[in-house]
Amino acid sequence: YATSPWLHAAADKVAASLAAVEWRLYAVKRGATPARRAPALDVAGPERRAKMLAGHRAAGELQEVPGDRLLLRALRFANGFMAGVALRKLMGLYYDLVGDVFLVKERNGLGAPVALWPLPPDWVTATPTPTYPRYRVGYSGWHGEVPASEVLWISNPSPSNPYGRGTGLALALGDEVETDELAAKFSRQYFLNSARPDFIVSPKEGAAPLGLPEVRVLEQAWLDQHQGFWRVFKPHFMT
């Protein structure tokens, strides 16, 4: 994502679109009964849900729940380090590129989650099992464990192992992306020095040998004057 322009452009556009979504919470109120959750809306697909919401709104049955609910606040404001839009963008990138999203819950004094902290998927070295309900996390020499209850794991399941780590687009395109990147690096290096030394310089037979410091000075002087396609056909003057 950081070095491949094509992967970056596609993934960034999708993730930015997800980050721009404003999350809201609705309840359905019919007659004198209190507003309550509508299970049919939960399981409906995007198009059907939009039609159902429009129908409830037209009938005056749709009631928006105030935005100070804990989960909505966590999605909107993320945590003390990043804004909600950055968190949602990271979630989109992790899901599409790797297939796993890990969010550590920050709880208040009452034990309710009030903030979400994203974990890069490569920091998570092991996921929970029935006999070991913990996440193993490692980064830059540090290793620790986080209880399964404190991490929200959103996975794009792999058909070959639906109970293990997810799979993302970048993993599926790994060879293609790497091939494109290596081809670009080879082309860049070709423009710098044709990807090979054009000649070898050594003392004349019988002359005094050159020490390593002298060789380095001569080499650097030549490179400074002639390396790169912008210095092609430049002359070199000798005494």
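The values are calculated or read from the model by the stated rules, or taken from the named source; none is laboratory data. Not measured: the values here are computed from a predicted model. Methodologically, a virtual Cβ is constructed for each residue, glycine included, from the backbone with ideal geometry; neighbour enumeration extends over all protein chains shown. Heads up: the accessible areas ignore ligands, DNA and RNA and are worked out on the full protein's heavy atoms, side chains in. Shrake-Rupley method; radii C 1.70, N 1.55, O 1.52, S 1.80 Å.
Quick one: would you say Phe102 is among the hydrophobic types (A, V, I, L, M, F, W, C), more than 16 Å from Ala20 (Cα to Cα) and open to solvent by 20 Å² or more (accessible area, probe 1.4 Å)? Break it down stepwise before answering.
Values: among the hydrophobic types (A, V, I, L, M, F, W, C): yes; more than 16 Å from Ala20 (Cα to Cα): yes; open to solvent by 20 Å² or more (accessible area, probe 1.4 Å): no.
Spelling it out, it is not the case that Phe102 is among the hydrophobic types (A, V, I, L, M, F, W, C), more than 16 Å from Ala20 (Cα to Cα) and open to solvent by 20 Å² or more (accessible area, probe 1.4 Å).
Within region 58-90, the set of residues being open to solvent by 70 Å² or more (accessible area, probe 1.4 Å), at pLDDT 85 or above, assigned to a helix (DSSP H, G or I) and in contact with a strand residue (DSSP E or B) (Cβ under 9 Å, 6 or more places away or on another chain) comprises just one member, Phe77. Considered as a group, the residues in region 142-157 that are in a strand (DSSP E or B) and not aliphatic (A, V, I, L, M) include one that is surrounded by the most Cβ atoms within 10 Å (Cβ to Cβ), and that residue is Ser155.
Annotation: of all residues in region 218-239 being outside any helix (DSSP H, G or I), free of Cβ contacts under 8 Å to residues at least 24 places away in the same chain and open to solvent by 70 Å² or more (accessible area, probe 1.4 Å), the one that is nearest to Pro197 (Cα to Cα) is Val232.
Here is a list: Val43, Val14. Which entry is in contact (Cβ under 8 Å) with a residue 60 or more places away in the chain, open to solvent by 70 Å² or more (accessible area, probe 1.4 Å) and closer than 28 Å to Tyr94 by Cα?
Numbers: Val43 fails: in contact (Cβ under 8 Å) with a residue 60 or more places away in the chain.
Step by step, each of Val43, Val14 is checked, and only Val14 is in contact (Cβ under 8 Å) with a residue 60 or more places away in the chain, open to solvent by 70 Å² or more (accessible area, probe 1.4 Å) and closer than 28 Å to Tyr94 by Cα.
The set of residues from region 106-141 being more than 19 Å from Lys89 (Cβ to Cβ), assigned to a loop (DSSP other than H, G, I, E, B) and either modelled with pLDDT of 90 or more or not hydrophobic (A, V, I, L, M, F, W, C) (or both) comprises Asn108, Gly109, Gly111, Thr127, Pro128, Pro130, Thr131, Pro133, Ser140, Gly141.
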